[in-house]
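The values are calculated or read from the model by the stated rules, or taken from the named source; none is laboratory data. Note that the structure is predicted; figures quoted are calculated from it, not measured. All Cβ positions, even for glycine, are placed from backbone atoms using ideal geometry, and neighbour counts span all protein chains on display. Remember, those area values only see protein heavy atoms, side chains included, never the ligands or the DNA or RNA. Shrake-Rupley method; radii C 1.70, N 1.55, O 1.52, S 1.80 Å.
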Amino acid sequence: MESLSPNSSVNEMALRQLDLAADSIDLDPNLRARLRKPDHALIVSVPVRMDDESVHVFTGYRVQHNDVLGPFKGGIRYYPDLNLGEVSALAMWMTWKCSLAGLPFGGAKGGIACDPKQLSRKEIQGMTRRYTAELLNFIGPQIDIPAPDMGTNEQVMAWIMDTYSQHKGYAVPGIVTGKPVAIGGTLGRKEATGRGVVYALEQAVDSLGLDLQKCSVLIQGFGNVGSVTGRELARLGVSVVGVSDRSGGIYNPRGLPVEAVARFKEQNNKLLEFPEGEKIGGKEFLELPCDILIPSASEMQITQENAGKLKCRIIAEGANGPTTPEADKILADMGVLVIPDILANAGGVIVSYFEWVQDLQNFFWTEDEINKQLKEMMTRSFRSVLEASRKERASLRLAALMIAIQRVGRAMLLRGLYA
Ligand code: NAD
């Protein structure tokens, strides 16, 4: 068994962020020690009968960081190099994200080390069902509620819900969020993270006295978060000048036809084959000129190597952990405003909360109600972080972490230590 506090660069980064914020709020050292480690970390073997009849054994994870504020909540990621350290960092960030948004949830994350693009639908279904079966005693609508993340989607959530429900003997829609509307999902969940990024951006642009409609936008990663953010911005008349995926990026300083690009990506998978725009390799892509950069892919994309070369004024972190602490310092010196992940991409978990509440009550809301409440919560969250950052003379990231960790710490002190 790997250590409960696993070494990995992403986990080191999450721990450094925790330490910076803990120093700033003078966090009780006993609380800091507890928060540095997850409550539980589970590694499971997931044997799958492949289409060629061979059995492949995948490795699955579920890390539950802290549930002092409520049941664990966090996505399931299917990604080739997934490891315990990465999942632990993502689980910790979920604790801070839920706390900052004022949700009654703790933080968790899970996933399977695999490349879903190399697997058939049947293999993904078999893998998902076996993974869910391995987690049966660790998840539940009052215990730990998974959701989609990189490489997973509504269909994967439907299989998780079905497997869990088959074992219980009755339908349990509240076991996952981000499932199809037809089986207890909510309107607006698929779009929630991207819409939330846009609501946060509107506030950020306003705070700098800029006009969003005059800004140019670059989006790294064009999956759920990146494509919805791009589509929403284009709908508002904002010029999206570049988008990228794992195959590379396309760029047009006069603006891309986002809707057509998104449809092309849905049908062809590889963005680079889109017939319009200049093709730009992965590394140079982030350095293209723009007003707003929206990393929406994986962690540690903006580092001390490339931070100084970025040409944007605002970074809105659609992805979790795209910017390292070293890069944060460089960007602060350059005057770039970074809207941190736990604030910028909280829309997904906020609407997941709405979905969970609707499932528990068996009473469903309209999409207008969902969007209105999402906008209100994102705006309130942004304003409280901005106010704290001005008061404490801290970056938005540090201010957001300070608020989130303080809330978790206070709740831990109130509940006390059971020993
Ligand atoms: P997704 O699997 O739908 O899309 C990921 C996209 O990133 C794909 O287009 C992929 O090709 C691209 N990509 C991967 N590596 C890349 C690289 N090195 N360079 C350029 N593109 C790359 O995943 P998603 O759900 O959109 O999640 C993206 C990020 O947003 C992750 O960090 C995730 O944790 C975070 N996030 C997702 C949600 C959600 O609701 N889905 C909520 C909050 C945060």
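Coupling constants for the stretch 353-364 follow from the phi torsions by the Karplus curve (6.51 cos²θ - 1.76 cosθ + 1.60, θ = phi - 60°), and in residue order they are 4, 4, 5, 5, 4, 4, 5, 5, 9, 6, 9, 10 Hz; glycine and proline get x. In this simple spin-label approximation, ALA133 and HIS40 carry label points 7 Å from Cα along the Cα→Cβ vector, and these lie 2.0 nm apart.
Over all other residues within a Cβ to Cβ distance under 14 Å of PRO295, the charged ones net out to -3, with Lys and Arg as +1 and Asp and Glu as -1. Calculated mean residue ellipticity, 222 nm, the chain: -14500 deg cm²/dmol, from DSSP H runs (n ≥ 4) at -39500 (n - 2.57) each, averaged per residue and rounded to 500.
Cross-linked pairs LYS97/LYS372; LYS117/LYS279; LYS97/LYS279; LYS190/LYS391; LYS214/LYS265: Cα-Cα separations exceed 30 Å for LYS97/LYS279; LYS190/LYS391. Grab the other residues whose beta carbon is less than 11 angstrom from that of LYS309, score K and R as +1, D and E as -1, and report the net. Value of the local net charge: -1. Other residues within the sphere of radius under 15 Å centred on the Cβ of PHE222, judged by their own Cβ, net out at +1 (K and R +1, D and E -1).
Straight-line reach from LYS179: taking Cα to Cα under 15 Å and skipping same-chain neighbours fewer than 8 places apart, the aspartates and glutamates in range are ASP149, GLU154, ASP162, GLU191, GLU355, ASP359. When you restrict to C-alpha pairs under 8 Å that are six or more residues apart and normalise by the size of the stretch 191-344, the relative contact order lands at 22 percent. The convex hull defined by the C-alpha atoms of the stretch 344-397 has an orientation-averaged projected area of 4.1 nm².
One decimal place: the segment ASN269-ASP23 gains 84.1 nm when fully extended, by the rule 0.36 nm per residue minus the C-alpha distance. Shape analysis of the chain based on the Cα gyration tensor places the equivalent ellipsoid semi-axes at 30, 27, 21 Å, largest first. Averaging 1/r over every pair of different alpha carbons in the stretch 371-419 and inverting the result gives a Kirkwood radius of 12.2 Å. Counting only aspartates and glutamates at least 8 places from LYS329 when in the same chain, those with an alpha carbon closer than 20 Å to its own are GLU12, ASP19, ASP23, GLU287, ASP291, GLU299, GLU305, GLU317, ASP341, GLU392. Sparse packing (at most 12 other Cβ atoms within 10 Å of the Cβ) combined with a DSSP loop state is found for none of the trypsin sites (Lys or Arg not before Pro) in the stretch 56-104. Heavy atoms of the protein chains alone define the surface here; on that basis the stretch 191-344 has 39 Å² accessible area per residue at 1.4 Å probe size. Using a cutoff of 8 angstrom between alpha carbon atoms and counting only pairs six or more residues apart, the relative contact order for the stretch 9-181 works out to 21 percent.
Taken over the stretch 191-344, the alpha-carbon convex hull comes to 92 cubic angstrom per residue. In terms of the Cα gyration tensor, with a ≥ b ≥ c the square roots of its eigenvalues, is the stretch 9-181 rounded because a/c is under 1.5, prolate because a/b exceeds b/c, or oblate? In terms of gyration-tensor shape, prolate.
The phi-based Karplus calculation (6.51 cos²θ - 1.76 cosθ + 1.60; θ = phi - 60°) puts the 3J(HN,Hα) values of the stretch 269-282 at 6, 9, 4, 4, 7, 4, x, 9, x, 6, 8, 10, x, x Hz, whole numbers, x for Gly and Pro. As a fraction of the 1.4 Å probe accessible area of the chain, surface on carbon and sulfur atoms comes out at 49 percent.
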